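To start, the structure under review is shown below, and the notes come after it.
The values are calculated or read from the model by the stated rules, or taken from the named source; none is laboratory data. Here the structure is a predicted model, which is why all the values come from computation and not from measurement. Methodologically, a virtual Cβ is constructed for each residue, glycine included, from the backbone with ideal geometry; neighbour enumeration extends over all protein chains shown.
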Amino acid sequence: MEDEVLKPNVLNPNCGSRRVLDLIADKWTMLVIYVLARGTRRYSQLQREIEGISHKVLTETLRRMEQDGLVKRKVYPVVPPKVEYTLTALGETLMEPLSTLCHWAENHLNEVELARGHYNNQGGVSNQ
């Protein structure tokens, strides 16, 4: 009997697909993709558009995304250095699902906040 190729399963803790899922489960990665879906950006543009992200976190996020093949970094040989970031073809495949998630978050913000307020007013205990 030939070795059977196992289908990836994110519910299996030993499956590499969990590490792939970690790529997009990070809110900063999602926001970088959301911004880069609109086009190439310089580092400073990304930092301005993604309010609340620190220099350190943006740098780490971009490095991880480049390592994982989601972002392409282009350095121009000028002084001061000019660096641009663009989504790769692989990164572009995440544009639609992440855009959908971002729109869902914006469209359901009030409902989630109401549910949180109700939960907190009940002392954090559901009445089931």
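With respect to Arg63, is the statement that it is under 26 Å from Arg18 (Cβ atoms), of a type outside the set (Phe, Trp, Tyr) and loosely packed, with under 14 Cβ neighbours inside 10 Å true? So Arg63 passes the test. Where helices (runs of 4 or more DSSP H) sit wholly within the range 1-74, those with at least 1 residues that are modelled with pLDDT of 95 or more and within 23 Å of Thr93 (Cα to Cα) occupy 27-36, 43-49, 55-67. For Val78, the criteria (1) out of contact with any Lys or Arg (no Cβ under 9 Å at 6 or more places or on another chain); (2) surrounded by 10 or more Cβ atoms within 10 Å (Cβ to Cβ) hold in every case but one, which is (2). Being farther than 20 Å from Asp26 by Cβ, touching a residue at least 12 places away in the same chain (Cβ under 8 Å) and not small (Gly, Ala, Ser) is a property that does not hold for Glu92. Residues in the range 88-128 that are over 16 Å from the mean Cα position of the chain (by Cα) and of a type in the set (Val, Ile, Thr): 2 in all. Considering only residues in the range 75-106 that are polar (S, T, N, Q) and outside any loop (DSSP other than H, G, I, E, B), the one that is farthest from Val35 (Cα to Cα) turns out to be Thr100.
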